[in-house]
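**Student:** Before we start, here is the structure in question, set down as structure tokens.
The values are calculated or read from the model by the stated rules, or taken from the named source; none is laboratory data. Since the model is a prediction, treat every value here as computed from it, not as a measurement. Here Cβ is always computed from backbone atoms with ideal geometry, including for glycine, and neighbour counts include all displayed protein chains. Remember, those area values only see protein heavy atoms, side chains included, never the ligands or the DNA or RNA. Shrake-Rupley method; radii C 1.70, N 1.55, O 1.52, S 1.80 Å.
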Amino acid sequence: MPDSHGADLFALTDLCTPWCLRVVATLRIAEHIADGTTDVDKLAAAAGCDQDVLHRVLGHLVSRGVFAEPAPGQFALNEAARGLLDPALVLGLDLDGFGGRMAHAWGSLLTAARTGRPAYDTVFGRPFWADLDAHPDIAASFDALMGPAGHGEPDPEVLLDGDWDAVRTVVDVGGGTGTLLAGVLRARPATTGILIDLPRTVARAAGTFDSAGVAGRATTPGGSFFDPLPAGADLYLLKSVLADWPDAEAAAILRRCAEAVSRTGRVVVLGGVTPGAAAGESDLLMMVLLGGRQRTLAEFAELAARAGLAVTASGRQPSGRYVVECRPAPTG
């Protein structure tokens, strides 16, 4: 029952429903129903699972308003269940892929609370990035979730003032498989681009640049953003990077950008900074996975100053993503 403040602690502590949703997403039950398979025995056969357990899982979800059971043992999609046909949602819930890592990582929260450090390794045996290195299939799932399949096509209008006249070279730092950089190069034919990410990730960027028709203007030197970056470019992009790291490492990444950017260039941060208080769930997820965090604009400005950068503008893209622009801090 809700207390005097309206919080229902029983509902808030329910683990059954979230796990049932992840199981049916992983088994692609909504897709099988959409394809015309509705009887539980046939659903179990199509999904390769136990009929009795599936029936009980679906029965629980029906009681929570997800799926309908128009006749005993026969299931149908309702409005809520149709959400499980969204590939992006399924990618984040799939227990066989990176979605499973995100789900199980919450089991390390108590250790993190007691130590103040991420405890991902206590669940998976290795720290986050080492775990991805050891499991290429999970790493590919992570890259997909970070890319268009999970987050949609990124907005290439990364400059708040829209002034591209002085931009000739763009370096996408930690840019994954190159989706954002490809969009920028496609929108700005006078620019060339450099994609920096780990070799196993940039190896998958060729198809991205080919599809966008910009392969001749993009290079992909595999490497770490903790090492010196290609120097002298006009624009360095950091999209969905800094929230993955604690302050010391985030400052080191920013310092590499500050060292590399031209004196008249810019470093643009997309994601990981909020104009006010940090968002709760995403902030905690970054903490349990990596020890990272969302930062307020004031917290980020202090971090940037330590790295030799000064915040010069902030605001939202038309897509709604919060953007922070920096330039090299004045010296002397």
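**Student:** In the stretch 194-230, what residues are over 16 Å from V171 (Cβ atoms), under 20 Å from the mean Cα position of the chain (by Cα) and part of a loop (DSSP other than H, G, I, E, B)?
**Tutor:** A203, R204, listed by residue number.
**Student:** In addition: Looking only at residues that are touching a Leu at 6+ places or on another chain (Cβ under 6 Å) and within 12 Å of G147 (Cα to Cα) in the stretch 175-201, which one is surrounded by the fewest Cβ atoms within 10 Å (Cβ to Cβ)?
**Tutor:** In this case the residue turns out to be G178.
**Student:** Let me ask something additional. Between a first residue in the stretch 61-81 that is over 15 Å from R22 (Cα atoms) and a second residue that is modelled with pLDDT of 95 or more and among the hydroxyl-bearing types (S, T, Y), which pairs have beta carbons less than 6 Å apart while being 6 or more apart in sequence or on different chains?
**Tutor:** Q74/T38; F75/T38
**Student:** So is S262 more than 19 Å from G176 (Cβ to Cβ), surrounded by 15 or more Cβ atoms within 10 Å (Cβ to Cβ) and out of contact with any Ser or Thr (no Cβ under 7 Å at 6 or more places or on another chain) or not?
**Tutor:** So S262 fits the description; yes.
**Student:** Here's a follow-up. Consider A305 carefully, then state whether it is hydrophobic (A, V, I, L, M, F, W, C), open to solvent by 50 Å² or more (accessible area, probe 1.4 Å) and either touching a Leu at 6+ places or on another chain (Cβ under 7 Å) or under 25 Å from V170 (Cβ atoms) (or both).
**Tutor:** Judged against the criteria, A305 is a match.
Condition check ((1) of a type in the set (A, V, I, L, M, F, W, C); (2) out of contact with any Cys (no Cβ under 7 Å at 6 or more places or on another chain); (3) touching a residue at least 60 places away in the same chain (Cβ under 8 Å)) across all residues:
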residue	(1), (2), (3)
G107	no, yes, no
A112	yes, yes, yes
R117	no, yes, yes
D121	no, yes, no
D155	no, yes, yes
D165	no, yes, no
G175	no, yes, yes
R186	no, yes, no
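**Student:** Right, here's the next one. Exactly one of these conditions fails for D133: (1) surrounded by fewer than 16 Cβ atoms within 10 Å (Cβ to Cβ); (2) within 18 Å of the chain's Cα centre (by Cα); (3) in contact (Cβ under 8 Å) with a residue 24 or more places away in the chain; (4) within 22 Å of L15 (Cα to Cα). Give me its number.
**Tutor:** Checking D133 against (1) surrounded by fewer than 16 Cβ atoms within 10 Å (Cβ to Cβ); (2) within 18 Å of the chain's Cα centre (by Cα); (3) in contact (Cβ under 8 Å) with a residue 24 or more places away in the chain; (4) within 22 Å of L15 (Cα to Cα), the one that fails is (4).
**Student:** Right, next: Does L15 satisfy being under 24 Å from the mean Cα position of the chain (by Cα) and open to solvent by 60 Å² or more (accessible area, probe 1.4 Å)?
**Tutor:** So L15 passes the test.
**Student:** Also, I was wondering about something else. Hey, among the residues in the stretch 231-264 that are touching a residue at least 60 places away in the same chain (Cβ under 8 Å), part of a loop (DSSP other than H, G, I, E, B) and more than 22 Å from P154 (Cα to Cα), which one's nearest to the chain's Cα centre (by Cα)?
**Tutor:** Restricting to residues being touching a residue at least 60 places away in the same chain (Cβ under 8 Å), part of a loop (DSSP other than H, G, I, E, B) and more than 22 Å from P154 (Cα to Cα), the top hit is V261.
A quick yes/no check of all residues on (1) open to solvent by less than 40 Å² (accessible area, probe 1.4 Å); (2) assigned to a helix (DSSP H, G or I); (3) out of contact with any Ser or Thr (no Cβ under 8 Å at 6 or more places or on another chain); (4) modelled with pLDDT of 95 or more:
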{"position": "H5", "(1), (2), (3), (4)": "no, no, yes, no"}
{"position": "I33", "(1), (2), (3), (4)": "yes, yes, yes, yes"}
{"position": "L43", "(1), (2), (3), (4)": "yes, yes, no, yes"}
{"position": "A46", "(1), (2), (3), (4)": "no, yes, no, yes"}
{"position": "D52", "(1), (2), (3), (4)": "no, yes, yes, yes"}
{"position": "H60", "(1), (2), (3), (4)": "yes, yes, no, yes"}
{"position": "F75", "(1), (2), (3), (4)": "yes, no, no, yes"}
{"position": "L89", "(1), (2), (3), (4)": "no, yes, yes, no"}
